[in-house]
Each structure stands twice: as C-alpha cells, then as structure tokens.
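Visitor: I'd like to ask some things about the structure below.
The values are calculated or read from the model by the stated rules, or taken from the named source; none is laboratory data. Predicted model only: the values in this text are computed from it and were never measured. Cβ: placed from backbone, ideal geometry, glycine included. Neighbour counts: every protein chain shown. These accessible areas exclude ligands, DNA and RNA; they are computed on the full protein's heavy atoms, side chains included. Shrake-Rupley method; radii C 1.70, N 1.55, O 1.52, S 1.80 Å.
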Amino acid sequence: MKKIYVGIIGFGTVGSGTAQVMYDQMDRMARRSGLQLVLKTVLEQHPQTLPEPFADIPVITSIDEFCQDSDLDIVVELIGGMEPALTFVLKAIAAGKHVVTANKALLSEHGMEIFQAAAQANVEVGFEASVGGGMPVIKAMKEGLVANRIDSIMGILNGTANYILSKMTNDGAPFAEVLKEAQDLGFAEADPTYDVEGIDTAHKLVILMTMAYGMKVKLSDVTIEGISKIEPTDISFAKAFGHRIKLLAISRNHGDHVEARVHPTLVPEDHLLASIGGPMNSVHIHGDMVGDILIYGAGAGKMPTGSAVVADIMDIARNIDRGCINRVPALSYLPEEIGERAITPLSHLRCPYYFRFSTVDGPGVLSTISGILGQHNISIESVIQKGREAGKTVPIVMHTYEASEAEVVLALAEIDALDITTADTVKIRVLTGDK
Ligand code: HSE
C-alpha cells in the first residue's frame, strides 16, 4: 500500500491528538483511500521521548533538518501563534512540502503570503482545524457550497467563550471561575484574552469571510467586542426578555459591501444558535441556492481538532496519490479572483438593543433617559427596573425596537455624561431574523 509520510511540528494537545487519530484510524482510512499515513518525525523545541505508541518516532529540534527530509510529504504545524510558526510554515513550503495547520491567528494575519508561497511552490495548505475545531466548515465552504452565493455567516466560533457564557447562564457561576475551568479543560488559547475578548472568534471570521466572498479581509476590518464586561445580571435580564447571550461572529453580504463583526449578542431563545451550549461551536450559513444550513460540533479539544487535521492530511494524501494537487483552491476562489470589497461601517447597522443603565434611584430618572433615547429615534419595547435603595445605584434595563447604531452611540454618550448615571451603560445588540 502506498505510504504518505507526515511530520508534526508541536506535540501538545492538538499534535498528540492528531497522532492518536492517525494511529487509531489507520486501517479505516486505508480502506477508504488505499493509502497509509505514516507519522515519520516530530519537531519539538524541547527534545523529549514521545509517549506510547509513538515512543519510537524520532523527535528533532531543527526545522531545516525537518524540511531536508526528502521522504516527508506533509508538514503539520501545530505550535500556534505567529513566530516561529510563520517561519516554519514558509520554510516547509519553500522545501516543497504540503502544509496542514490549525493556526487561525497565523492565517488571519499572514494567510495571503502563505497561500501565495504555496501556489508558487505548487503545494497545498490545509486548515480545516483552524475554524470550529472538529466541524468540517472549511470543507463545506470550499466544496459543499460551491454553487452558492453566501448571503450571511453567523457563528459561535469560540468554545471557551461559549463555555463561560453557558455556565454563567445555567449555573450562575462567576466569570473568572468558569474561565479557569475552560483553561483546565485545554480549550483556551495560550493567552485567554484572545478567547474572551473576541479576537480568536475574529481570526476565524476573517478566514470564513475570505472563503465565502472571495475577498481579502484583515483582522482590523472586524469590529470586535468581547464578553468580559458581561455580568451575571445581564444574563438574568436577557433571560427575562426571552434571550440568551452568545458571542457571535456575524457577516452579512450586501453585495458591494459586507459586514464583519464579533460581539456579544442577545439571541432569541427559539433561535438554533441559542441552544448551542458548553464548548460547542456552530455556524449558521445562508446560501442563495441551499437556504439555511447549520453546522455544529466540538470547537476545541484534542481528538475533535485532531480529526479535522487528519481530514486535511487525508485530502492532501489523496491528491498526491492521484496527481491533482490544488484540485480545489485553498481559499475556495481562484487566487486571481480574490479581490477587495468594502466593509459595512458599523454606524450603518440597525438592530434592536439591550441597555443596562446604572443610575441613582430617584424621581424623573427614567423619563430623562427615555427622553434622550426618544430624541435619537430609539423606541423602547420593554423596561425592567428591580429593587430600589435610595441614593444607591440601581440598574434600569431596556429592550428597544430596531434603532440606528450611530444614534445609539450618540444617545448613550449623552446619557453616560449625566449626573444620574454612575457607570457606562452596557449595550448588547439583539439578533432578529438573520440580522
Ligand atoms: N481557544 C479556542 C476555543 C480553541 O476556545 O474555541 C479552538 O480554536
């Protein structure tokens, strides 16, 4: 049986999961492809003996030695972060190796450079594991949806943030405690602010948008707001309004411009994305031919992410075997078709809003706030004010009808400057329909 030789850079959670999936599923994959995937070498910055059943696999520390191994067909980068990952990937490509990576941060910032180098060297770059862990969303975007104009993408793309929000919703657990649990479970990034501040989600949205629309997208194109300011009280009030709070990546295609935003969102309880709990991920895509589709799966973790990495390895192995490298363009559009497109300014957004005002308790407070909102054409759908303690801060919580983001920004600046408000207003956008 034909053998395809694989080298892995980084034998941490995902690296060891990838090796385990290759080992455990070797026979099944051979029956499916007629190929045997062989883990030949591991590159680790600190040499070590690998655990059984990989103890005989040589561990080396030099990327040059790794790349000079002429047997090696596919190099799998699983160290994450920018450097040395970028250097290692470019060296592997220059040496004529196909590359598989799970590194969303790297691709969202240096994707164009990497894909250009790969096209010149006529090698493939697989990156299924970079978005949504084990969910095959990249494959769906590249192949399953090839006959569709993508109209919108809405996703829960960070397991850590979803785990935190789910635990806060279901158990009333405090933010910091749940973040620690997610870190202990191995879901969180090396720097967990990437998870909670929406940066990791934005990295993944950049990749999906590039593929969906055939456009160049930069991280700085994405409006990014995280979940660190969400308090248990917002979760309870959201529930009272019939919603769940989720960290969503949202992009809607308006033809000559597209939205790119990541922020906490009130999702109606009966929306499919409201039911995605724990560390699970899900992407809701609307294609003009297929309509709505929902992809759901484990967004992080050793074996699910290993499953996605090995799917890429197998795709490339099959293409090597059949002599059809880059049969499907890596970014779903031909490189020369990937162009520029405008990003919709956030100020153009219209949606309903959730506001939590921190106010001193007293007569006329509510009418002052609603007066300012009215002057900015912001109409209130419902209000909750619970508890009173003279002279103390009390929350006033509102759910509005659809309003303009630009007007909301102006109104909140006015309200937050008043003596009756004691802290900046918490503002969370509300999802309606596909908005
Ligand atoms: N830190 C990421 C998450 C890992 O929590 O989803 C998968 O990309």
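Visitor: Sort out which residues of the stretch 154-197 are near the ligand (Cβ under 8 Å from one of its atoms), among the charged types (D, E, K, R) and at pLDDT below 95, and write them in order of number.
Guide: Glu189 - this is the single residue of the stretch 154-197 that is near the ligand (Cβ under 8 Å from one of its atoms), among the charged types (D, E, K, R) and at pLDDT below 95.
Visitor: Within the stretch 251-269, identify whether any single residue is touching a Leu at 6+ places or on another chain (Cβ under 9 Å), within 16 Å of the ligand (Cβ to nearest atom) and of a type in the set (D, E, K, R), and answer yes or no.
Guide: no
Visitor: Out of Ala300, Ala308, report the one residue that is under 30 Å from Val38 (Cβ atoms), within 16 Å of the ligand (Cβ to nearest atom) and at pLDDT below 95.
Guide: Going through Ala300, Ala308 in turn, just one is under 30 Å from Val38 (Cβ atoms), within 16 Å of the ligand (Cβ to nearest atom) and at pLDDT below 95: Ala300.
Visitor: Would a scan of the stretch 33-56 turn up a residue that is closer than 28 Å to Thr201 by Cβ, open to solvent by 10 Å² or more (accessible area, probe 1.4 Å) and in a helix (DSSP H, G or I)?
Guide: No: zero hits.
Visitor: Quick check on the stretch 121-153: of everything there that is in the same structural domain as Ala202 (by TED's automatic domain parsing) and in contact with a His (Cβ under 8 Å, 6 or more places away or on another chain), which residue is farthest from the ligand (Cβ to nearest atom)?
Guide: Per the criteria, the residue is Asp151.
Visitor: To continue, here is another question. Quick test of your reading of the structure: Gly362 fulfils all but one of (1) loosely packed, with under 15 Cβ neighbours inside 10 Å; (2) touching a helix residue (DSSP H, G or I) at 6+ places or on another chain (Cβ under 8 Å). Name the failing condition by number.
Guide: (2)
Visitor: Filter the stretch 276-296 down to the residues that are away from the ligand (no atom under 16 Å from the Cβ), touching a residue at least 24 places away in the same chain (Cβ under 8 Å) and not aliphatic (A, V, I, L, M), then identify the one that is nearest to Phe355 (Cα to Cα).
Guide: If we take residues in the stretch 276-296 being away from the ligand (no atom under 16 Å from the Cβ), touching a residue at least 24 places away in the same chain (Cβ under 8 Å) and not aliphatic (A, V, I, L, M), then His284 is nearest to Phe355 (Cα to Cα).
Visitor: Could you grab me the full set of residues in the stretch 243-266 that are open to solvent by less than 40 Å² (accessible area, probe 1.4 Å) and farther than 20 Å from Ala173 by Cα?
Guide: Scanning the stretch 243-266 gives Leu248, Ala249, Ile250, Ser251, Arg252, Asn253, Val258, Glu259, Ala260, Arg261, Val262, His263.
Visitor: Let me ask something else about it. Filtering the stretch 211-221 down to residues that are open to solvent by 10 Å² or more (accessible area, probe 1.4 Å) and touching a Ser or Thr at 6+ places or on another chain (Cβ under 9 Å), which residue is nearest to Val283 (Cα to Cα)?
Guide: The qualifying residue nearest to Val283 (Cα to Cα) is Tyr213.
Visitor: Here's something else I'd like to know. Taking the criterion of being of a type in the set (S, T, N, Q), within 27 Å of the chain's Cα centre (by Cα) and modelled with pLDDT of 95 or more, would at least one residue in the stretch 119-129 satisfy it?
Guide: no
Visitor: Which one is most open to solvent (accessible area, probe 1.4 Å) among residues in the stretch 198-210 that are in contact with a strand residue (DSSP E or B) (Cβ under 7 Å, 6 or more places away or on another chain) and within 16 Å of the ligand (Cβ to nearest atom)?
Guide: Looking at residues that are in contact with a strand residue (DSSP E or B) (Cβ under 7 Å, 6 or more places away or on another chain) and within 16 Å of the ligand (Cβ to nearest atom), I get Ile199.
Visitor: When the residues of the stretch 94-120 are filtered to those that are in a helix (DSSP H, G or I) and open to solvent by 40 Å² or more (accessible area, probe 1.4 Å), which remaining residue is farthest from the ligand (Cβ to nearest atom)?
Guide: Among them, the one singled out is Gln120.
Visitor: Output the number of the condition that Thr61 fails; it satisfies all remaining conditions of (1) in contact (Cβ under 8 Å) with a residue 24 or more places away in the chain; (2) of a type in the set (S, T, N, Q); (3) touching a His at 6+ places or on another chain (Cβ under 9 Å).
Guide: (1)
One line per residue, one yes/no per condition, for (1) open to solvent by less than 50 Å² (accessible area, probe 1.4 Å); (2) farther than 18 Å from Met209 by Cβ:
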site: Pro268; (1), (2): yes, yes
site: Gly287; (1), (2): yes, no
site: Lys302; (1), (2): no, yes
site: Met314; (1), (2): yes, yes
site: Arg318; (1), (2): no, yes
site: Asn326; (1), (2): no, yes
site: Arg350; (1), (2): no, yes
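Visitor: Moving on to the next point. Identify all residues within the stretch 222-242 that are open to solvent by 10 Å² or more (accessible area, probe 1.4 Å), farther than 22 Å from Val131 by Cβ and not β-branched (Val, Ile, Thr); write none if there are none.
Guide: Once the filter is applied, which keeps residues that are open to solvent by 10 Å² or more (accessible area, probe 1.4 Å), farther than 22 Å from Val131 by Cβ and not β-branched (Val, Ile, Thr), the stretch 222-242 yields Ser228, Lys229, Glu231, Pro232, Ser236, Phe237, Lys239, Ala240, Phe241, Gly242.
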